[in-house]
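The values are calculated or read from the model by the stated rules, or taken from the named source; none is laboratory data. These numbers were taken from a predicted model, which means no experiment stands behind them. Positions of Cβ are generated from backbone atoms using ideal geometry, with glycine treated the same way; all protein chains shown enter the neighbour counts.
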4 protein chains.
Amino acid sequence: MASNQKFGAGIWHFANYLDRYATDGYGDHRTLLDMIDMAGSVGDLSVVDLTWPFVDPGLTHEKIKAQLAKNQLEVIGITPEIYTRKFMKGAFTNPDAGVRREAHELITDAVAVVKDFGASYVKLWPGQDGWDYPFQVDHHNHWKLAMDGVGQLAAENPDVKFVIEYKPREPRVKMAYDSVSRTLLALEKINLPNVGILLDFGHALFGGESPADSAQLAIDYGRLFGMDVNDNFRGWDDDLIAGTVHPMELFEFFYVLRKNNWEGVWQLDQFPFRDDHVEAAKMAIEFLKRVEKGLDRLDFDALQEAQSRHDAVAAGRLAREALFG
Amino acid sequence: MASNQKFGAGIWHFANYLDRYATDGYGDHRTLLDMIDMAGSVGDLSVVDLTWPFVDPGLTHEKIKAQLAKNQLEVIGITPEIYTRKFMKGAFTNPDAGVRREAHELITDAVAVVKDFGASYVKLWPGQDGWDYPFQVDHHNHWKLAMDGVGQLAAENPDVKFVIEYKPREPRVKMAYDSVSRTLLALEKINLPNVGILLDFGHALFGGESPADSAQLAIDYGRLFGMDVNDNFRGWDDDLIAGTVHPMELFEFFYVLRKNNWEGVWQLDQFPFRDDHVEAAKMAIEFLKRVEKGLDRLDFDALQEAQSRHDAVAAGRLAREALFG
Amino acid sequence: MASNQKFGAGIWHFANYLDRYATDGYGDHRTLLDMIDMAGSVGDLSVVDLTWPFVDPGLTHEKIKAQLAKNQLEVIGITPEIYTRKFMKGAFTNPDAGVRREAHELITDAVAVVKDFGASYVKLWPGQDGWDYPFQVDHHNHWKLAMDGVGQLAAENPDVKFVIEYKPREPRVKMAYDSVSRTLLALEKINLPNVGILLDFGHALFGGESPADSAQLAIDYGRLFGMDVNDNFRGWDDDLIAGTVHPMELFEFFYVLRKNNWEGVWQLDQFPFRDDHVEAAKMAIEFLKRVEKGLDRLDFDALQEAQSRHDAVAAGRLAREALFG
Amino acid sequence: MASNQKFGAGIWHFANYLDRYATDGYGDHRTLLDMIDMAGSVGDLSVVDLTWPFVDPGLTHEKIKAQLAKNQLEVIGITPEIYTRKFMKGAFTNPDAGVRREAHELITDAVAVVKDFGASYVKLWPGQDGWDYPFQVDHHNHWKLAMDGVGQLAAENPDVKFVIEYKPREPRVKMAYDSVSRTLLALEKINLPNVGILLDFGHALFGGESPADSAQLAIDYGRLFGMDVNDNFRGWDDDLIAGTVHPMELFEFFYVLRKNNWEGVWQLDQFPFRDDHVEAAKMAIEFLKRVEKGLDRLDFDALQEAQSRHDAVAAGRLAREALFG
């Protein structure tokens, strides 16, 4: 039986990158149209997440839509860039009310882009909202601003979904939305149906979470609106190719999704700095297809029974044999 | 002006310890009466937290009370031992319903001990509640049991306070109550006024939290029922002497407490494996007194102003000069 | 073709454990004879590593030998217990010269045990040699003692091999022999042929090393005298079942061994605190046999070619397909 | 008595930065001349370390020298940029021999710049030399290239000093020169007098080292050619303001330098992304002066005596009282 699973990727998977050392970048600048073609050439991608404003500011929506159509791609999310220079001291929590207003306006504009592209959500990734040093911020005020900024957007745009992608840190030394639990605390306070979590597998690993447990928790709160995968060594958000370091925990993550009948797109959030971008995507999807087959093979009842006894050996063997075939 | 700040310590500060290598222990077994005398000899301690069942099972409450009185000590909390062999697969989340019931009974008995000693709370430290391996537990059921077990106790004993001391891990490879945010999620669900958090400074550090931020968050939810301090290198719960590694973050932690008019006991949770136990307590309290003086010296308004601009340099200088004198 | 690979385990794999919380242990005390029977019941073990003095002090070598013979087991190494109470401030680096002498005598006695059992080496695991706090030790003197203690033993016993098992920390907050490179620095200084490294896969992971790289380095210095495997989450020496968390890096580790024609025993160093001890060993060895088959399937030339281009995708695919079959 | 201690900084302390998110940078591009003026305005700096090729390629050495003279600054080191796009797969270890040659030529040209400016050393910071994935490189060949590249330069330029600045990782997921011990292993193999270590305090912290111990080790091998300081939270190379997080370990680091009569420049390697660059330097130097005074106050004999007993409490109190005054 052919799988109906849809795959996606952040469009930045196909960009070239800068960092504080290689300031001339890990390759030449690419246009958005080129990146869309590259995404299309992976062959298994159905959707992309687009940062906005688009990398080529002059490009019309029509041209982008045509390029997407040519590659049989749709837009799943729009990610407003609330982490650039203007927002280096925060978007929602910026000490300057004017900058906070600019962030609000930028995201509000992104809502229109979501609608125009028929996308599913605005993705909020508040990577600059946080602090660097002890004593730098008033933690009460800081967290209140972090929640209020999201809450206001959700209230003003009840017909659009927002997803928060939490991460422990980077670029800020410490991010406000740092974990699944902290984000859920905020969502409980905001108490609106149109804000959820986009769970990044690698961010959960990096934060010392068990990604499968994080997924279950977000599902139990009705807030798992999206997810993406990659890999890392638990000490940083390396955005490596999914499955290369932690295949078993990746498998457990998808097991939890299937057990809960969570049916969304399996997205990639990878940064192949030094590798062939298309091949890096293909390698990840090859593994995700193996995961899918592994789930088909896995005896859910037997696993549940082993888990009811907390029997790590029996449960682990079932999982291992299902994945390794 | 003399300080009225009260200091306390877990009685285990004065015990000798075992670990998986030095199975013959880091010193001879000590009786509870001896440990109480040692606590008294520190000279600055007003209260102790007692694990229960007491280390000497035959000892009467009267004898313990007399020994405490002799040393001008009171009992602040009772910590039922829900992390020994019987509970090695969990207390609240044990796969065996009979063991869960035993945990419930043990803690219920500890309630009576709290009342008899006029203590402030039952401390719950569910160090075995969690998991070790991917696929070992059903995360939904596991977390539900973790919450239900605490909720039932709080509901059955409305006249007694319970505090949960969260920690990322140890002895379990991953603990269910692993962070301030996860614990607050549970407390929101449990929704009873008599359950709160005992915030261990070192556990927050170990979990990648900023302890000052964790304290503010717990206070904002009205759940900071207690706290204790120590130090570590952020990678493990070393329970070192407070102030020896992270003096600035310790200072920020107490700054948040004072700013919020949080007036509780400053407790020590240290494990001086290889050091003189009484001197280790004294060294910590010397530093806590320096912190107190630093807070007296600190210009709260100027700091608040610097924080309103997220000015790490200005805020950091104010804090440093206040603490270093 | 049947494999000739020999497997082994530390005898403590079959012990029950204590820690600072479950001071009553994770199960009843077991006799050495029982543990040897358990090791035998795994079915794939050929050798064991024995801590010494033996857990049952009254036991004669003859009885142990008979029990080993009954289970078709030989002794690969003797591990003198230089990390118990007496040595809590260090064995080689203890501030008390008398204790250092006791460590020397204990290890010297272990040399005789090695000879009597026809074992391959004395294993030195100096888990208490190190420090806990800034300013606690004079680092020059400390490291000199750490090297001199090992050097003296190696010089006095030229007919016996010694292996050092390094680890970043635990029980000491920081261990002197903390990494493969530091240990090799010492071995270069000691400059004797009969001291090498026992490389624990999990200790390398825990220390931020790539275990395959550590193995290559030790081999390049002619110092890889032994190895054992397990798994962990990189933040602590969890001693979990091998292959459960990091199968790809474990595979790379054994790839390096085979590429260098390193032909020694594949040993387990696992601590199944809460799991069935025999099943935990079996599960690990099942995976090691899969690793062996994976190495047979792996195209070494193609991999070498991909590595010559640093092509992570091509190399990773080759490895993944070989291991996953 | 006035201090004669010289202070320095990497010129990048006064630059603006990019990262993979804020690709438009944390401020406008600055010219080298501007940065030199800013360095001068700190008031306590005597030397700077210059990356090369200079940020403004057209600038003559004369103009730079004049600007330095105007600010009473000298050049301590030249840091060739062997971590930019061209070298993204490594400088010394690049799979392409042509790129390795380019790195060699660039560094050779930097030797001439060192001589022209009367600087003390060429600084080698091989941030791209390493790997990202399991199986990506042949570890034997990789490490050999890492050593040979440095060795060749040192052999060809016996009249110039080279310093290697090790770091666990970033930008490469794992760096070859990752620790003090690994670097010393290489230096022992290279066996030339003109290559040493530039020890970055924060890199040692990040690598799980005790920076004071690392300094002692490098000194004991006669290889501590330079040093710089900053701070971080042990999980990443944050390059925060020195003294803000780990004042005690910074104090211990300088204690080891003084005890060994190491008399070099105390340099800053800070990246004040979001802070006032000049104030960030001033704040650090204020603390370094406090460290200097603390060392004057510290009773070295009493400390040595406490260390001879591994008495963490006595030693820690002496250090704390000396630093806190």
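B:ARG182 satisfies every condition listed in (1) in contact (Cβ under 8 Å) with a residue 12 or more places away in the chain; (2) basic (Lys, Arg); (3) farther than 23 Å from C:ALA22 by Cα; (4) more than 8 Å from chain A (Cβ to nearest Cβ) except (4).
Regarding the range C:96-119, can at least one residue be identified that is at the interface with another protein chain (Cβ under 9 Å from one of its Cβ atoms) and touching a residue at least 40 places away in the same chain (Cβ under 8 Å)? Taking every residue of the range C:96-119 in turn, none turns out to be at the interface with another protein chain (Cβ under 9 Å from one of its Cβ atoms) and touching a residue at least 40 places away in the same chain (Cβ under 8 Å).
The single condition from (1) under 24 Å from B:VAL173 (Cα atoms); (2) within 14 Å of chain B (Cβ to nearest Cβ); (3) aliphatic (A, V, I, L, M) that A:VAL229 fails is (2). The single condition from (1) touching a Ser or Thr at 6+ places or on another chain (Cβ under 7 Å); (2) on the phi > 0 side of the Ramachandran plot that D:GLY27 fails is (1).
Which one of these is outside any helix (DSSP H, G or I), among the small types (Gly, Ala, Ser) and at pLDDT 95 or above: D:ALA154, D:ALA146, D:ALA119? Give the steps one after another, and end with the answer.
Numbers: D:ALA154 fails: outside any helix (DSSP H, G or I); D:ALA146 fails: outside any helix (DSSP H, G or I).
The unique qualifying residue is D:ALA119.
Check whether at least one residue in the range A:52-66 is within 13 Å of chain D (Cβ to nearest Cβ) and of a type in the set (S, T, N, Q), and report yes or no. Looking for residues that are within 13 Å of chain D (Cβ to nearest Cβ) and of a type in the set (S, T, N, Q), one finds none in the range A:52-66, hence no. Scanning the range D:277-325 for residues that are touching a helix residue (DSSP H, G or I) at 6+ places or on another chain (Cβ under 6 Å) and modelled with pLDDT under 95 returns a single hit, D:PHE324.
Just wondering, is there one or more residues in the range A:244-262 that are farther than 24 Å from B:HIS140 by Cα and not small (Gly, Ala, Ser)? Step through it out loud before you land on a result.
Restricting attention to the range A:244-262, the residues satisfying the condition of being farther than 24 Å from B:HIS140 by Cα are A:244-245.
The next check asks that each one be not small (Gly, Ala, Ser); those that pass are A:244-245.
The answer is yes, given that some residue of the range A:244-262 is farther than 24 Å from B:HIS140 by Cα and not small (Gly, Ala, Ser).
Looking at the range D:20-46 only, could you name the residues that are within 14 Å of another protein chain (Cβ to nearest Cβ), among the small types (Gly, Ala, Ser) and buried (at least 22 other Cβ atoms within 10 Å of the Cβ)? Correct list: D:ALA22 only. If you filter the range D:243-256 down to residues that are within 17 Å of the chain's Cα centre (by Cα) and of a type in the set (Phe, Trp, Tyr), you find that the one that is farthest from the other protein chains (Cβ to nearest Cβ) is D:PHE254. Exactly one residue among C:GLN67, C:GLN72, C:GLN5 is over 29 Å from B:PRO171 (Cα atoms), of a type in the set (S, T, N, Q) and touching a residue at least 40 places away in the same chain (Cβ under 8 Å), and that residue is C:GLN5.
Screening the candidates A:LEU240, A:LEU198, A:LEU187 for the property of being away from chain B (no Cβ under 12 Å), in contact with a strand residue (DSSP E or B) (Cβ under 7 Å, 6 or more places away or on another chain) and within 22 Å of B:ASP178 (Cβ to Cβ) yields one hit, A:LEU198.
Are any of the residues in the range B:120-134 β-branched (Val, Ile, Thr) and over 23 Å from B:ARG172 (Cβ atoms)? Taking every residue of the range B:120-134 in turn, none turns out to be β-branched (Val, Ile, Thr) and over 23 Å from B:ARG172 (Cβ atoms). Within the range D:67-84, identify whether any single residue is in a loop (DSSP other than H, G, I, E, B), crowded, with 19+ Cβ neighbours inside 10 Å, at negative phi and within 14 Å of chain C (Cβ to nearest Cβ), and answer yes or no. So far as the range D:67-84 goes, no, none of its residues is in a loop (DSSP other than H, G, I, E, B), crowded, with 19+ Cβ neighbours inside 10 Å, at negative phi and within 14 Å of chain C (Cβ to nearest Cβ).
Go through the range A:122-171 and give me each residue that's facing another protein chain (nearest Cβ under 9 Å), among the hydrophobic types (A, V, I, L, M, F, W, C) and touching a Gly at 6+ places or on another chain (Cβ under 8 Å).
A:PHE135
Does B:GLY90 qualify as being buried (at least 18 other Cβ atoms within 10 Å of the Cβ), within 22 Å of the chain's Cα centre (by Cα) and outside any helix (DSSP H, G or I)? Yes, satisfied. Scanning the range D:295-305 for residues that are without any contact (Cβ under 8 Å) to a residue 40 or more places away in the chain and either closer than 14 Å to B:ALA280 by Cβ or more than 8 Å from every other protein chain (Cβ to nearest Cβ) (or both) yields a total of 6. If you go through the range D:20-36 and keep only what is touching a helix residue (DSSP H, G or I) at 6+ places or on another chain (Cβ under 7 Å) and in a helix (DSSP H, G or I), you end up with D:LEU32, D:LEU33, D:MET35, D:ILE36.
Consider D:PHE287 carefully, then state whether it is of a type in the set (Phe, Trp, Tyr), more than 21 Å from D:GLY207 (Cβ to Cβ) and outside any loop (DSSP other than H, G, I, E, B). Lay out the reasoning, then the answer.
On the way: of a type in the set (Phe, Trp, Tyr): yes; more than 21 Å from D:GLY207 (Cβ to Cβ): yes; outside any loop (DSSP other than H, G, I, E, B): yes.
Here the answer is yes, as D:PHE287 does meet what is asked.
Checked against (1) of a type in the set (Asp, Glu); (2) out of contact with any strand residue (DSSP E or B) (no Cβ under 9 Å at 6 or more places or on another chain); (3) within 30 Å of B:PHE254 (Cα to Cα), A:ASP132 passes all but a single condition, namely (2).
Does C:GLY98 satisfy the criteria of being on the phi < 0 side of the Ramachandran plot and among the small types (Gly, Ala, Ser)?
Values: on the phi < 0 side of the Ramachandran plot: yes; among the small types (Gly, Ala, Ser): yes.
Yes: the conditions hold for C:GLY98.
When you scan the range A:204-226, do you find a residue that is touching a Gly at 6+ places or on another chain (Cβ under 9 Å), touching a residue at least 60 places away in the same chain (Cβ under 8 Å) and closer than 18 Å to A:GLY77 by Cα, even just one? Within the range A:204-226 (the criterion being touching a Gly at 6+ places or on another chain (Cβ under 9 Å), touching a residue at least 60 places away in the same chain (Cβ under 8 Å) and closer than 18 Å to A:GLY77 by Cα), the answer is yes, since at least one residue qualifies.
Number of residues in the range D:1-19 that are within 14 Å of another protein chain (Cβ to nearest Cβ), touching a helix residue (DSSP H, G or I) at 6+ places or on another chain (Cβ under 7 Å) and in a loop (DSSP other than H, G, I, E, B) equals 1.
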